[in-house]
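Undergrad: Quick one: the structure is below, questions incoming.
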Amino acid sequence: MRLQIAAIGVNTPLMGLGLKSDGTMEVPPSGFPAGWYVNAPTPGELGPAIIAGHIDWNGPGVFFRLHNLVRGDQITISRADGSKPVFRVSRVAQFPKSQFPTALVYGNIDHAGLRLITCGGSFKSGSYVDDTVVFADLVVASR
């Protein structure tokens, strides 16, 4: 699969992500590529598809400009089956890591959605204090 976000210049393959031994979602092992959480819906299917990427990693990462997305920006996923579902950004939000809204991000929804996740906020003691989440909804099933 491949993720394309023209508004911020992202065009990246997607690697598969699973769960770590502590039950949290894996993250990509470096700044590129982004990763799709394989235990969530496939992008374009019913429910929230989850894609994670780094904001930086010894320089800008794949989601370095994710916070610049605005409502209405489009996101395209090229799937292995040849389909290309298109999503429209409905919300960009920043949450303290200590108060991450797990149910809002990962919980069931009644339509095909997409969640893009990266770190954000200020950088303290070797890590970012917040997470940036982009919420998007399917607008074109395939093209």
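Readers should treat all values here as calculations from the given coordinates under stated rules, not as data from a laboratory. Note that this is a predicted model, so its numbers are computed, not measured. Every residue, glycine as well, gets a Cβ built from its backbone with ideal geometry; the counts of neighbours run over all protein chains shown.
Undergrad: Where does segment 30-88 land on Rg(C-alpha)/(2.2 N^0.38 Å)?
TA: On the way: Rg = 12.6 Å, N = 59, 2.2 N^0.38 = 10.4 Å.
Taking the Cα Rg and dividing by 2.2 N^0.38 Å, one obtains 1.21.
Undergrad: Is any residue of segment 107-121 close enough, with backbone N under 18 Å, to a label point placed 7 angstrom from the Cα of Gln4 along the Cα-Cβ axis, and if so, which?
TA: Once the point is set 7 Å along Cα→Cβ of Gln4, nothing inside segment 107-121 turns out to lie under 18 Å by backbone N.
Undergrad: For a distance above 24 Å, tell me the whole-number percent of Cα pairs in segment 2-140 that qualify.
TA: Tail of P(r) above 24 Å: 22 percent of Cα pairs.
Undergrad: I need Asp56, Asp131 ordered by Cβ neighbour count within 10 Å, fewest first.
TA: Details: Asp56 15, Asp131 21.
Ranked by crowding around the Cβ, least crowded first: Asp56, Asp131.
Undergrad: Please give the FRET efficiency for Asp110 paired with Asp81, using the beta carbon to beta carbon distance and R0 = 22 Å, rounded to the nearest 0.05.
TA: On the way: r = 23 Å, r/R0 = 1.05.
About 0.40, to the nearest 0.05.
Undergrad: Summing +1 for each Lys or Arg and -1 for each Asp or Glu, what net charge is found among the other residues whose Cβ lies under 13 Å from the Cβ of Asp110? All intermediate terms of the calculation are to be shown ahead of the outcome.
TA: Working: positive: none; negative: Glu45, Asp137.
Once all neighbours under 13 Å are counted, the net charge is -2.
Undergrad: With both bridge residues required to lie in the chain, what share of the DSSP beta bridges run antiparallel, to the nearest 5%? Provide the component values of the computation, followed by the final result.
TA: Values: 34 of 44 bridges.
So the antiparallel bridges in the chain amount to around 75 percent.
Undergrad: Quick check on segment 60-143: take the gyration tensor over C-alpha atoms, sort the square-rooted eigenvalues as a ≥ b ≥ c, and tell me if it's rounded (a/c under 1.5), prolate or oblate. Please list the in-between numbers first.
TA: On the way: a/c = 2.33, a/b = 1.74, b/c = 1.34.
Because a/c hits 1.5 or more and a/b exceeds b/c, segment 60-143 counts as prolate.
Undergrad: Return the single residue from Asp73, Asp130, Asp22 with maximal mean-square fluctuation; model: Gaussian network over the chain, springs between Cα atoms under 10 Å.
TA: Of Asp73, Asp130, Asp22, the Gaussian network model singles out Asp22 as fluctuating most.
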